[in-house]
Amino acid sequence: MDEATLSGDNLIYELTEDGEIKNYTLNATDYGLKYAQNSDFKGGSPEENLAITLNILNAKDQSSRRDVVILNEGLSLYVAEKVDSIAEGIELASTLIDNGEA
């Protein structure tokens, strides 16, 4: 899977600045996000998927769909070194969506 999931542990491999590979598990519930089955994210037609995406980005959807976006964006912010920790990335992603800045 190329995205982190809310349905259990995610195995993370991180290349550190000194060239070491650090691996660990990440569980979204440890960051205040709710457990959800992957089947909860079933999409639909292109029009339905657009509506789902816009509702998430405009803070109108507070479901597990929002949480999975926040988790993955938080990880992206961490990997891009925009934040110092995964927790900070998740917090920033949540704030950006909630403030309509996503």
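The values are calculated or read from the model by the stated rules, or taken from the named source; none is laboratory data. Since this is a predicted model, take the numbers as computed values, not measurements. Please note: Cβ atoms are built from the backbone with ideal geometry, for glycine as well, and neighbour counts cover all protein chains shown.
A quick yes/no check of all residues on (1) more than 12 Å from the chain's Cα centre (by Cα); (2) modelled with pLDDT under 95; (3) surrounded by 12 or more Cβ atoms within 10 Å (Cβ to Cβ):
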residue: Asn23; (1), (2), (3): yes, no, no
residue: Asn27; (1), (2), (3): no, no, yes
residue: Leu33; (1), (2), (3): no, no, yes
residue: Ala36; (1), (2), (3): yes, no, yes
residue: Lys42; (1), (2), (3): yes, yes, no
residue: Asp61; (1), (2), (3): yes, yes, yes
residue: Val69; (1), (2), (3): no, no, yes
residue: Glu73; (1), (2), (3): no, no, yes
residue: Tyr78; (1), (2), (3): no, no, yes
Open item on the list: What's the number of the only condition in (1) modelled with pLDDT of 95 or more; (2) more than 22 Å from Leu15 (Cβ to Cβ); (3) more than 12 Å from the chain's Cα centre (by Cα); (4) acidic (Asp, Glu) that Glu101 fails to meet?
Closed with: (1)
- [ ] Pairs only if they're at least six apart or on different chains, beta carbon under 7 angstrom, first in segment 29-41 and small (Gly, Ala, Ser), second part of a loop (DSSP other than H, G, I, E, B) and surrounded by 14 or more Cβ atoms within 10 Å (Cβ to Cβ); list them, first residue then second.
- [x] Ala36/Leu6; Ala36/Ser7
TODO: List every residue pair whose Cβ atoms lie under 9 Å apart, where the two residues are 6 or more positions apart in sequence or sit on different chains, the first residue falls within segment 71-85 and is among the small types (Gly, Ala, Ser), and the second residue, located anywhere, is assigned to a loop (DSSP other than H, G, I, E, B).
DONE: Gly74/Ala4; Gly74/Val83; Ser76/Lys82
